[in-house]
Amino acid sequence: YAAGDCAACWLPRYGRRVRLESFQNADQQGANVAATIAGAPAGYDPVPFVWSDQYDRVLQTAGFPGDGDRHVQRGSIAERDYVLFSFAGEHLVGVTGWGQGRRIAKDIRFTQSLMQKGVNPDPARLADPEVAVKDLLPGN
């Protein structure tokens with residue numbers, strides 16, 4: 001068994017083996033390996049999440065934004081407060097946020113949930129700051 005931020009794992013959702021150097025991955029892989037050793041494998045197929053605090057700003061990503069062939073912006077890059085949603089065709093594949101406060105974090109986490117559930121929202125709604133990302137989740 002191998003687990004942690006230096007262990008490569010197969011992600012069925014993405015059809016590839018990756019090494020995700022993040023706290024979330026190390027934590028989730030460890031729990032998954034422990035469950036497997038105990039005889040109750042749960043499977044492992046997360047939408048990756050990474051963050052870094054940079055002084056008064058936060059940088060967060062979920063999924064694989066680099067897999068996108070088009071991007072939808074919410075907020076202002078010039079004002080250093082934005083979220084960039086990445087699409088490959090019609091599929092939401094990643095999100096990157098940079099800015100202050102909890103709004104960026106919330107948008108990233110709700111977008112991670114959209115990807116985890118396989119929801120591909122209308123890009124125009126994602127670009128609209130009047131539409132809460134959480135309202136795009138099924139059941140909201």
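The values are calculated or read from the model by the stated rules, or taken from the named source; none is laboratory data. None of the values given here were measured: they were computed from a predicted structure. Note that we place each Cβ from the backbone using ideal geometry, even for glycine, and neighbour counts take in every protein chain shown.
For the stretch 8-39, the set of residues classified as touching a Lys or Arg at 6+ places or on another chain (Cβ under 9 Å) and of a type outside the set (Gly, Ala, Ser) consists of CYS9, TRP10, LEU11, ASN25, listed by residue number.
Evaluation of ASP27 against the conditions (1) touching a strand residue (DSSP E or B) at 6+ places or on another chain (Cβ under 9 Å); (2) of a type in the set (Asp, Glu); (3) farther than 30 Å from VAL131 by Cα; (4) surrounded by fewer than 14 Cβ atoms within 10 Å (Cβ to Cβ) shows that the sole unmet condition is (1).
Report yes if PHE85 is hydrophobic (A, V, I, L, M, F, W, C), touching a residue at least 40 places away in the same chain (Cβ under 8 Å) and in contact with a His (Cβ under 9 Å, 6 or more places away or on another chain), otherwise no. Steps first, answer last, please.
Numbers: hydrophobic (A, V, I, L, M, F, W, C): yes; touching a residue at least 40 places away in the same chain (Cβ under 8 Å): yes; in contact with a His (Cβ under 9 Å, 6 or more places away or on another chain): yes.
Criteria met by PHE85.
You will find that of GLN60, GLN116, the residue that is touching a residue at least 40 places away in the same chain (Cβ under 8 Å) and out of contact with any helix residue (DSSP H, G or I) (no Cβ under 9 Å at 6 or more places or on another chain) is GLN116 and no other.
When you look at VAL95, is it at pLDDT 95 or above, touching a helix residue (DSSP H, G or I) at 6+ places or on another chain (Cβ under 8 Å), more than 27 Å from CYS9 (Cα to Cα) and aliphatic (A, V, I, L, M), yes or no? So that I can check it myself, show each step before the final result.
Details: at pLDDT 95 or above: yes; touching a helix residue (DSSP H, G or I) at 6+ places or on another chain (Cβ under 8 Å): yes; more than 27 Å from CYS9 (Cα to Cα): no; aliphatic (A, V, I, L, M): yes.
Here the answer is no, as VAL95 does not meet what is asked.
Comparison of ASP128, ASP81, ASP67 shows that the only residue that is at negative phi, of a type in the set (D, E, K, R) and touching a helix residue (DSSP H, G or I) at 6+ places or on another chain (Cβ under 9 Å) is ASP81. Of all the numbered requirements in (1) more than 24 Å from PRO123 (Cβ to Cβ); (2) over 16 Å from the mean Cα position of the chain (by Cα); (3) of a type outside the set (Phe, Trp, Tyr), ASP27 misses one, and that requirement is (2).
Given the structure, is ALA7 over 18 Å from the mean Cα position of the chain (by Cα) and surrounded by fewer than 18 Cβ atoms within 10 Å (Cβ to Cβ)? Yes, satisfied. The set of residues in the stretch 30-52 being of a type outside the set (A, V, I, L, M) and touching a strand residue (DSSP E or B) at 6+ places or on another chain (Cβ under 8 Å) consists of TYR44, ASP45, PRO46, PRO48, PHE49, TRP51, SER52.
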